[in-house]
Structure formats: C-alpha cells, structure tokens
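First up is the structure itself, then whatever we jot down about it.
The values are calculated or read from the model by the stated rules, or taken from the named source; none is laboratory data. This is a predicted model, so every value here is computed, not measured. Note: ideal-geometry Cβ built from the backbone for every residue, glycine included; neighbour counts use all protein chains shown. Surface accessibility is based on the protein's heavy atoms, side chains included, excluding ligands, DNA and RNA. Shrake-Rupley method; radii C 1.70, N 1.55, O 1.52, S 1.80 Å.
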Amino acid sequence: MANPVLVEVTRGDLVESRHRGMIVAVDGDGKVVFSAGDIDAVVFPRSAVKAMQGLPLVESGAADAYRFGAKELALACSSHSGEPEHAALAGAMLAAAGRDGTALECGAHWSFEQSVLIGQARGLERPSALHNNCSGKHAGFVCTACHSGREVAGYVRYEHPVQAEIRGVMESLTGAALASDACGIDGCSIPTYAVPLKSLAHGFARMATGAGLEPGRAKASRRLIEACMAEPFYVAGTKRACTRLMQIAPGRIFAKTGAEGVFCAAIPERGIAIALKCEDGTTRAAESMVAAALARFFTGEPEVHAALTAMANRSMHNWNGMHVGDIRVTAVLG
C-alpha cells in the first residue's frame, strides 16, 4: 500500500517537499486507537528502543548495585548530544563499575550541539567514546555485564549474553521474532532488529502500562519511563526534540527518536503509545509527525495541545531571519 503524505514543506506559496509515512497509536492490550499507512510494515527502530534495551540494567540489579538514579537511567536510554554533562555522567556510570571510557565499543564522534562542538574542536585533539550519543546506553551494557560477572569485551556482538538478553526482552515486549535474518548493525555497532510498526508501539504501550508483564518487568519498565520523563535533558539535550516534547508536559509524555525517521512516544496516564516512521527517513518530518500525534490526545488541555501543535507546524527562516516557508502536517494528522 502507498503510505499517505503526512508532512509538507512549503517555500513561498508552493509545496516544495512531501514526506510520506506510517503511524500507529495503541493501548496496552494492543488495540489500535489511531493509525495511518502500513502499520504492519517492518522497520528498524534504531535508537527509539533504548528504553527496552535498558531493561537488563535494571532487571539484573546492576542499577541498584551502582546506585543509579533517574539521571543515570535516563542517560542509559538516551541518544544524547555529547554535551559536557552527558559525557561526564557516562564516565561516572562506568567508574561505578570500575571501568572507564576505554571499555566502550560504540566509537567516537563530536557533539551534536554546535556551540559545544566548537568548544570541543578548540580544546580537544579528538572526541572520545564518552561523547558518542550512545555512550550512556553502552555504559549501561558495560555495567550490566560487570554486575552479572560476564566478559565485557565484545558486548556489542550478536552472540554476547547482554545482547541475547536484550533480544529476549524485545521479543517479549513486542511479540515479534527477532531472528538473525531480521538483524542489522546499528550506528553504535550493536544489533538492531526489524520489527512491525504496530508491534513496536504495542511494546511501548506495555512498558507504559504494565499490561501483560510480570510484576518485576512492569516495575522496571515504569522506572525507566519515569526516569526519562523526569530527566529529559539526559535523554537528548539542548533544544532536541525528545527533550522539548517531554518538557511540554513534564512527567506525562515519554518520547524517544531513532535514526532514519523513526519516533516512539507514550502517554502513560492515557495508556497509549505511538510508533511512526517517516518513509524517506527525514528527521524534521518525523518530529512533526510525533508532535501532531501526541497533540491528538491533549485536545482538552489547550496549553499542552497548542505547544505540541506548534512543534508539529513550524516556520522556516533563512540566515537573514526571513520567513521562507513552513513545515506542516497534513489533514491526516491535523
């Protein structure tokens, strides 16, 4: 099936670009409450599933053993911007397990935040793995391995016990079989699995509500979701969409982006989770899609609804500050 156009980008009075996509919102029982496009299509959720990947850190007892609070758990679920606070906290997590940044197998890159990047370029010969946007998640993997008495080296490999445990967690939450033929390698070198979009949303709805989960997993899921909502800066960073979405309704919205136009979100108090994919992988469109989808569930709260709608439909300006066009969702989401 052809996915509908969900976002348009204008220049002057004309539509310059169109972004197709698929989106689904479900409750804890998997009932679809809103959808558009092919919601049974498989997608690589990439970093959008970091909260799922963080469950072994909590369930193994490592998070408690190392006395991790909301900031550490949020960072373990993050795609952070590599700002000083992010790198420092990732380093502190590793230190709690007796390790340092050399244990990380995610690679290194400069900060996503331009002002920080400029400072790094002036003061650093090169960035370290602690600056990688996935360093918090990888610190969580290292801590899980250390606490469980497993070999740390090679923790990114498909066959490593930490990755096998994550695979089992994701299968349990989504109901999707994550075999090797549905597996690719993510940007940070760990396995990433193709999952039907509806199953992805259902997995997050179960985390947000505890529906169908045994008590220990339900408690761990709630702890991670609540940590992210409590510390949105550590989930993303300055001016990032995930952080801004969660700041609009503090403690009420969970949001997590993934590469190539994927976004997942949840509203725990409503028992709803959302998963979407911008077909062409464009981040700007995915951000508009998730904001508009979340706004549908806050129509009775004018301030929250208006703030989400403003993120979904926003103006574009050139370097001289001139208004040149708009990013806007179509009637399918409006």
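Observations
- Residue satisfying condition, being free of Cβ contacts under 8 Å to residues at least 24 places away in the same chain, in contact with a helix residue (DSSP H, G or I) (Cβ under 9 Å, 6 or more places away or on another chain) and open to solvent by 50 Å² or more (accessible area, probe 1.4 Å), within set Ala310, Ala331: Ala310
- Given (1) within 21 Å of Gly203 (Cβ to Cβ); (2) without any contact (Cβ under 8 Å) to a residue 60 or more places away in the chain; (3) basic (Lys, Arg), number of the condition Arg217 does not satisfy: (2)
- Exactly one residue among Lys71, Lys50 is modelled with pLDDT of 95 or more, out of contact with any Gly (no Cβ under 8 Å at 6 or more places or on another chain), of a type outside the set (A, V, I, L, M, F, W, C) and more than 23 Å from Glu165 (Cα to Cα), and that residue is Lys71.
- Applying the condition of being touching a residue at least 12 places away in the same chain (Cβ under 8 Å), open to solvent by 30 Å² or more (accessible area, probe 1.4 Å) and not aliphatic (A, V, I, L, M) to the range 103-124 and asking which residue is nearest to Gly61 (Cα to Cα) yields Glu105.
- Residue ID - farthest from His131 (Cα to Cα), chosen from residues in the range 59-102 that are in contact with a Lys or Arg (Cβ under 8 Å, 6 or more places away or on another chain) and open to solvent by 20 Å² or more (accessible area, probe 1.4 Å): Glu59
- Entirely in the range 215-316, the strands (runs of 3 or more DSSP E) that have 2 or more residues that are β-branched (Val, Ile, Thr) and at pLDDT 95 or above: 262-267, 272-278
- Of everything in the range 129-156 that is touching a helix residue (DSSP H, G or I) at 6+ places or on another chain (Cβ under 8 Å), surrounded by fewer than 20 Cβ atoms within 10 Å (Cβ to Cβ) and of a type outside the set (A, V, I, L, M, F, W, C), the residue that is farthest from Leu55 (Cα to Cα) is Glu151.
- Flag for Glu214 being surrounded by fewer than 23 Cβ atoms within 10 Å (Cβ to Cβ) and under 24 Å from Asn132 (Cβ atoms): no
- Test result for Val49, surrounded by fewer than 20 Cβ atoms within 10 Å (Cβ to Cβ), closer than 19 Å to Thr257 by Cβ and under 18 Å from the mean Cα position of the chain (by Cα): no
- The set of residues from the range 172-192 being surrounded by 17 or more Cβ atoms within 10 Å (Cβ to Cβ) and of a type in the set (Asp, Glu) comprises just one member, Asp186.
- Count of the range 259-276 residues which are open to solvent by 10 Å² or more (accessible area, probe 1.4 Å) and under 28 Å from Val5 (Cβ atoms): 4
- Test: residue in the range 238-247 that is touching a strand residue (DSSP E or B) at 6+ places or on another chain (Cβ under 6 Å) and at positive phi: no
- Any hit, the range 9-23, residues being of a type in the set (Gly, Ala, Ser) and out of contact with any helix residue (DSSP H, G or I) (no Cβ under 9 Å at 6 or more places or on another chain): yes
- Flag for His160 being open to solvent by less than 60 Å² (accessible area, probe 1.4 Å), under 20 Å from the mean Cα position of the chain (by Cα), closer than 30 Å to Phe204 by Cβ and not small (Gly, Ala, Ser): no
- Test: Arg167 is over 16 Å from the mean Cα position of the chain (by Cα), without any contact (Cβ under 8 Å) to a residue 40 or more places away in the chain and not in a loop (DSSP other than H, G, I, E, B): yes
- Of all residues in the range 17-28 being more than 13 Å from Ala285 (Cβ to Cβ) and modelled with pLDDT of 95 or more, the one that is surrounded by the fewest Cβ atoms within 10 Å (Cβ to Cβ): Asp27
- The range 185-206, residues that are more than 24 Å from Ser35 (Cα to Cα) and either hydroxyl-bearing (Ser, Thr, Tyr) or touching a helix residue (DSSP H, G or I) at 6+ places or on another chain (Cβ under 9 Å) (or both): Asp186, Gly187, Cys188, Ser189, Ile190, Pro191, Thr192
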